[in-house]
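What follows is a single structure, written as structure tokens, with notes after it.
The values are calculated or read from the model by the stated rules, or taken from the named source; none is laboratory data. Being a predicted model, the structure only gives us computed values, none of them experimental. Cβ placement follows ideal geometry from the backbone for every residue including glycine, while neighbour counts extend to all protein chains displayed. Heads up: the accessible areas ignore ligands, DNA and RNA and are worked out on the full protein's heavy atoms, side chains in. Shrake-Rupley method; radii C 1.70, N 1.55, O 1.52, S 1.80 Å.
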Amino acid sequence: MIDVSHLSKIYKMDAVETVALDNVSFFIKKGEFVAIMGPSGSGKSTLMHIIGALDTPTSGTYILDGQDVSKLSKDQLAEIRNKKIGFVFQAFNLLPRTSALKNVALPMVYAGISKDERMKRAEELLKEVGLGDRLNHTSSQLSGGQMQRVAIARALSMNPAIILADEPTGNISTVQAEEIMKIFQSLQKQGHTIVLITHEPSIAAFSQRTIHIKDGKIDKVEHNGYKKGGGH
Amino acid sequence: MDFAELISSSFEALFLNKVRTALAGLGIVIGIGAVIALVSLGQASQQSVQNQIQGLGANLVTISPGSTQGAGGVQGGFGSATTLTYDDAMSIQAANYPSISSVSPEVSRRSQVTAGKNNTNTQIYGVTPAYTAVHNITMNSGTFITNADVTGNREVAVIGPTVASDLFGDGVDPTGQTIRINKIPFTIIGVTVSKGGSGFGNQDDMVFIPLTTAQKTVFGMTNISDISLSASSANDITQAENDAGYLLLQRHKISDPAQADFSMFSQSDIISTISSVTGTFTSLLAGIAAISLLVGGIGIMNIMLVTVIERTREIGLRKALGAKDSTVVQQFLIEAIILTVGGGIVGMVLGIALSFVIATFINLPFTISVYAIGLAIGVSSGIGIIFGWYPAKKAADLSPIEALRYE
Ligand SMILES: Nc1ncnc2c1ncn2[C@@H]1O[C@H](COP(=O)(O)OP(=O)(O)OP(=O)(O)O)[C@@H](O)[C@H]1O
Ligand SMILES: [Mg+2]
């Protein structure tokens, strides 16, 4: 499903070059649950952005569902981001001054789903992540963990085949983190492909496979042997 | 995403960003309002002045005795020369020039007028019936001076509405009453229609009596104060001046026009002089208006540009969630249009209301300058739309991540 080969990303600022990704190749099957770990600045977010069709690599290819992403038009990419991929940003990226409900409903606006249906689904999702009593709070009225859960609900709103989550449990308590991970697990059971970035081995343990990244390169790949009961 | 959805998203965004919306809207309202009010007032005052001049008489040419060019020798004070006679006027009339439609010989002096215990100091005009045609006089009641009054040397008078109210009070028709000019009793035969106007040359503060009566009975003079001509049309004014001028030179046996013992000026001279003055005034107001438009425009531009960072991130996010570039740009464009059209309408209403209030307050005709409205709305919506659209277009060209990280 996700097939990256020889992926590199180099940021050029004036004369300084930063190699964020250095010749990375891997394959993620449909329905797989993969964790990405690595030290800060190792290129995890950069990699996720490319997989999420939010950014383009400097070199290498990315085949998503048999399609070469670099050959797609801007509108086709927008369509993929809208329907196929749910992205949970490390920095949440909620619309300011906008209610949780409307934030979660936003991807559905661009899919042309009617207002009633959007609001109904957004409410369901927020209840699912435990924010049923915070529907009309704006981001400035939510805690970090609550914002993170709104961001997760938003990523799920289009029921996408692939869920990419950049440290989705970074700002929440261990108990809440377990709940969130259970949501991801049940999504995987429904057939969704999940890739998540984490610093915590306990979170990575929910996945089937952990890809370790260091200095923009794949350091090692670890098979978790369904320690916490993931998989089919 | 359909169009209705796009519009409602735009309204939502405008509503969510109240401060930005209010500030940008204010810039538009002030810019447009100021331009419309100032230009309309400028035009109104110009029109008001022109109306007053036109009220003096259509295509009027006035011939006054005495030369205005100081061609040597001592000149008498204005109006003191005695070189024009009733016969001069009649000869112009008799020549039947196609350029001249009416000839009105006139005698005028200020004098005390009494009626019972009341008295007023006003301008007495000795005139012929031609006066009405030359000076656009219409009657409110009664009749004007007739030929029979002139040939019969009758003691009859037509009074202006100001004189009527000064001597007889408001709402009283004084026709048939008696007034005394230099102690000589005159019977009032009519009252003229008010022409508005005020101060010097107030055309409502006048008393008309037959020319002959004024010369012989009241003032004891043989000459006349001036001859007013009505040119057949505005294009005939110069020809009328030439025709009458050369005839008078001939009658007065003067070969060099520079030595003429009379002078002429036409209404078009006054109009063009005053128009250029009021035109300068209107340009001045338009200049001030342009500055307000510029200030308003800079206000709109600033507020649009100041929010560019936040809006660029917003665009990055919307794109990350699946918005197409065109959808995002359209939404921002529609927002800018709603803002400028809304602000434009409010500004227009404000500007029109303001010019109406000021015009009423300082007694000017109320005019609306369509040109000013068009210009003001064009400029401020242009600025609003360009500075709403251009940053959005630039942000949409970035990748979602670049836009999200913009600073
Ligand atoms: N736009 C950019 N321009 C220049 N350098 C960048 C840019 N974005 C990222 N980098 C650099 O690329 C490297 C990888 O960044 P990335 O955000 O992928 O790290 P990360 O693994 O997600 O770190 P963290 O765990 O702290 O989130 C970093 O060294 C960072 O400084
Ligand atoms: Mg990161």
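Just one of the listed residues (B:Thr282, B:Thr307, B:Thr278) is in the same structural domain as B:Pro400 (by TED's automatic domain parsing), farther than 30 Å from B:Leu60 by Cα and crowded, with 16+ Cβ neighbours inside 10 Å, and it is B:Thr307.
From the list A:Ser42, A:Ser70, the one residue that fits, being more than 25 Å from A:Arg154 (Cα to Cα) and assigned to a helix (DSSP H, G or I), is A:Ser70. Only residues that are within 19 Å of A:Ala53 (Cβ to Cβ), away from chain B (no Cβ under 13 Å) and within 16 Å of ligand 1 (Cβ to nearest atom) were counted across segment A:140-167, and they come to 1. Just name the residue that is least open to solvent (accessible area, probe 1.4 Å) out of those in segment B:312-333 that are in contact with a Gly (Cβ under 9 Å, 6 or more places away or on another chain) and either more than 13 Å from chain A (Cβ to nearest Cβ) or under 26 Å from B:Gly25 (Cα atoms) (or both). Out of the qualifying residues, it is B:Phe332.
Among the residues of segment A:158-195, the ones that are in contact with a Ser or Thr (Cβ under 7 Å, 6 or more places away or on another chain) and within 16 Å of ligand 2 (Cβ to nearest atom) come to 3 in all. Before we move on, is A:Lys84 open to solvent by 20 Å² or more (accessible area, probe 1.4 Å) and within 14 Å of the chain's Cα centre (by Cα)? Against the criterion (open to solvent by 20 Å² or more (accessible area, probe 1.4 Å) and within 14 Å of the chain's Cα centre (by Cα)), A:Lys84 qualifies. When each of A:Met37, A:Met48 is tested for being under 27 Å from A:Thr18 (Cα atoms), within 13 Å of ligand 2 (Cβ to nearest atom), open to solvent by 20 Å² or more (accessible area, probe 1.4 Å) and not hydroxyl-bearing (Ser, Thr, Tyr), the lone residue that passes is A:Met37. Scanning segment B:40-99 for residues that are at pLDDT 80 or above and in a loop (DSSP other than H, G, I, E, B) turns up B:Asn59, B:Gly66, B:Thr83, B:Leu84, B:Asn96, B:Tyr97, B:Pro98, B:Ser99. Within segment B:211-238, take every residue that is part of a loop (DSSP other than H, G, I, E, B) and out of contact with any Gly (no Cβ under 7 Å at 6 or more places or on another chain) and give me the one that is least open to solvent (accessible area, probe 1.4 Å). So the residue we want is B:Ile224. Scanning segment A:90-110 for residues that are out of contact with any Ser or Thr (no Cβ under 9 Å at 6 or more places or on another chain) and in a loop (DSSP other than H, G, I, E, B), we see that the one that is least open to solvent (accessible area, probe 1.4 Å) is A:Asn93. Can you report the number of residues in segment A:143-171 which are open to solvent by 20 Å² or more (accessible area, probe 1.4 Å) and either assigned to a loop (DSSP other than H, G, I, E, B) or more than 21 Å from A:Gln188 (Cα to Cα) (or both)? Total meeting the criteria: 10. In segment A:11-34, the residue that is farthest from ligand 1 (Cβ to nearest atom) out of those that are open to solvent by 60 Å² or more (accessible area, probe 1.4 Å) and touching a strand residue (DSSP E or B) at 6+ places or on another chain (Cβ under 7 Å) is A:Lys30.
When the residues of segment A:45-67 are filtered to those that are within 14 Å of chain B (Cβ to nearest Cβ) and in a loop (DSSP other than H, G, I, E, B), the one that is farthest from A:Pro160 (Cα to Cα) is A:Thr58. Determine if segment B:239-246 includes at least one residue that is under 28 Å from B:Ser45 (Cα atoms) and open to solvent by 40 Å² or more (accessible area, probe 1.4 Å). The answer is no; no qualifying residue exists.
Considering only segment B:397-407, state which residues are at the interface with chain A (Cβ under 9 Å from one of its Cβ atoms) and either within 55 Å of the chain's Cα centre (by Cα) or open to solvent by 90 Å² or more (accessible area, probe 1.4 Å) (or both). Of everything in segment B:397-407, just one residue is at the interface with chain A (Cβ under 9 Å from one of its Cβ atoms) and either within 55 Å of the chain's Cα centre (by Cα) or open to solvent by 90 Å² or more (accessible area, probe 1.4 Å) (or both), namely B:Glu402.
Any chance segment B:321-344 includes a residue that's modelled with pLDDT under 80 and over 30 Å from B:Tyr406 (Cα atoms)? The answer is no; no qualifying residue exists. Select from segment A:79-93 the residues that are touching a residue at least 40 places away in the same chain (Cβ under 8 Å) and either more than 8 Å from chain B (Cβ to nearest Cβ) or over 18 Å from A:Leu131 (Cα atoms) (or both) and list them in ascending order. Matches in segment A:79-93: A:Asn82, A:Lys83, A:Lys84, A:Ile85, A:Gly86, A:Phe87, A:Val88, A:Phe89, A:Gln90, A:Phe92. If you go through segment A:216-232 and keep only what is farther than 15 Å from A:Gly38 by Cα, at pLDDT 90 or above and part of a loop (DSSP other than H, G, I, E, B), you end up with nothing.
When A:Ile203, A:Ile213 are screened for being within 16 Å of ligand 2 (Cβ to nearest atom), buried (at least 20 other Cβ atoms within 10 Å of the Cβ) and assigned to a helix (DSSP H, G or I), only A:Ile203 passes.
Scanning segment A:38-69 for residues that are within 12 Å of ligand 1 (Cβ to nearest atom), out of contact with any Asp or Glu (no Cβ under 8 Å at 6 or more places or on another chain) and closer than 9 Å to A:Lys9 by Cβ returns A:Leu47, A:Ile50, A:Thr58. Scan segment A:111-122 and give yes if some residue there is closer than 25 Å to B:Ala403 by Cα and within 14 Å of chain B (Cβ to nearest Cβ), otherwise no. For segment A:111-122, residues closer than 25 Å to B:Ala403 by Cα and within 14 Å of chain B (Cβ to nearest Cβ): present. Only residues that are out of contact with any helix residue (DSSP H, G or I) (no Cβ under 7 Å at 6 or more places or on another chain) and either more than 24 Å from A:Gln208 (Cα to Cα) or within 13 Å of ligand 2 (Cβ to nearest atom) (or both): list them for segment A:1-21, please. Correct list: A:Ser8, A:Ile10, A:Tyr11, A:Lys12, A:Met13, A:Asp14, A:Ala15, A:Val16, A:Glu17, A:Thr18, A:Val19.
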